[in-house]
1. Would you pull out the residues with amide H under 5 Å of Q131's amide H, same chain only if 5 or more places away, H placed 1.01 Å from N?
2. Picking from F75, P24, L235, whose Cα lies most toward the positive end of the charge dipole for the chain (charges on Cβ: Lys, Arg +1; Asp, Glu -1)?
3. Charges on Cβ only, +1 for Lys and Arg, -1 for Asp and Glu, centred on the Cα centroid of the chain; of A206, L146, G98, which one is farthest towards the dipole's positive end?
4. Name the residues of the stretch 177-201 whose amide N is less than 17 Å from a point 7 angstrom out from the Cα of N127 along the C-beta direction?
5. Taking the solvent-accessible surface of protein heavy atoms with a 1.4 Å probe, what is the per residue accessible area of the chain in Å²?
6. How much space per residue, in cubic angstrom, does the convex hull of the C-alpha atoms of the stretch 124-257 take up?
7. Taking the Cβ-Cβ separation of D310 and S55 as r and a Förster radius of 22 Å, what is the calculated FRET efficiency to the nearest 0.05?
8. Would you mind checking which residues have amide H under 5 Å from D304's amide H? H placed 1.01 Å from N; only 5 or more apart, or other chain.
Amino acid sequence: MVATSSRLAKTNTDLPPCCLRIHPNDTSRIYIGTYKLEEDTRIKHGSIHLYKYESSSISLLLSIPTKAAILDLKFNPQDASQLISAHSNGQLIIWKVGSSDEITKVKEIVIDDDESNCITSVFYNPNDPNQVLVTLTNGYSAIHDLVSQTTTFLDTQHSLECWTGSFGELGQLNHVVYTGGDDSQVIAHDLRTSQPIWTLPRGHDAGVVSILSPSSKWSASNGNLLWTGSYDDNLRVWDLRCIDKSDPSLIEGYIPRKLHEENLGGGVWRLIPSPIENDDRLLSCCMYDGARIISTSGADFSVDKYFKRDHESMCYGGDWSSDGKFVATCSFYDRVVQIWSPHEVEK
């Protein structure tokens, strides 16, 4: 039986929390994006909340309403004062966050003029933080350059919603970006041409909602692997290497080989690697069944800790503190945020 992690704190939000980030340089500050659909008007709106976590309690410091709902939040990996939010109206917003309890809107970026086209996720390019990948509900994905303010749509479209993506980072894969969609497919795109390298048409029994590539900080010795999570509750690991080659490279039409899969008991909505050096654990937000801490070794993995408590509905958002001492997760319909230990177990 998997050990249940110990809860450290809990609070409730006024609107349903959809995504969550802990400040990279201040583990006491937690940023949450909310998503509210008004059933009578079908209008989607949201907010950014800033919470402070200290002395086993969570307190709300600031709330900024947004005209569109927020589906994702990310910090610039090279500039912790820059936070980006992805919205339900086809827009991104750049925010400036400082050491004080302030959040300032810097810029609104229109990715699609069709305000019914939601941006489902946003990712900074680890090799060029002036570039972000955005995924959209119309099945498309795009690279937006924050300096030139240009948007380049990738050539191949998912037939249903595009939910997630990931930049390749290591070695020969640093020109590759992966996307996953509700069509159960993963597509590898060549950033140099915006064209597809391959489409993985089989291997997932439902939509692909999380993708994770090894990085210089996480699983760096396993650059040939790709991790995917799906609505079908399974976490999978794929080998990107071409036959008879020891180096990771992608050849057009060559389909990755599945190495390992395991049912986690809930939809694998997010995969967040530990920020601690030489710690190859993952935090997985598992939708209707709480969250997991997953131990990994190469392509092998196992569930190390389990946490649910008051996460009775969709656990969508989660993050590690930068010192690895705690994680924070939120669940949507419960309007609950919880802080818990990735180390200590419930007694």
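1. N125, L146
2. P24
3. G98
4. 177-179, 188-198, by backbone N distance to the label point.
5. Here the per-residue accessible area is 40 Å².
6. Working: hull volume 12.9 nm³, N = 134.
Enclosed volume per residue, from the Cα hull, is 97 Å³.
7. Step by step, r from the Cβ atoms, then E = 0.65.
8. Here I293, I294, S295 satisfy the definition.
The values are calculated or read from the model by the stated rules, or taken from the named source; none is laboratory data. Computed from a predicted model, the values in this text were never measured in an experiment. Ideal geometry is used to build each Cβ from the backbone, glycine not excepted, and the neighbour counts take in all protein chains shown. The area values use the complete protein model at the heavy-atom level, side chains included, leaving out ligands, DNA and RNA. Shrake-Rupley method; radii C 1.70, N 1.55, O 1.52, S 1.80 Å.
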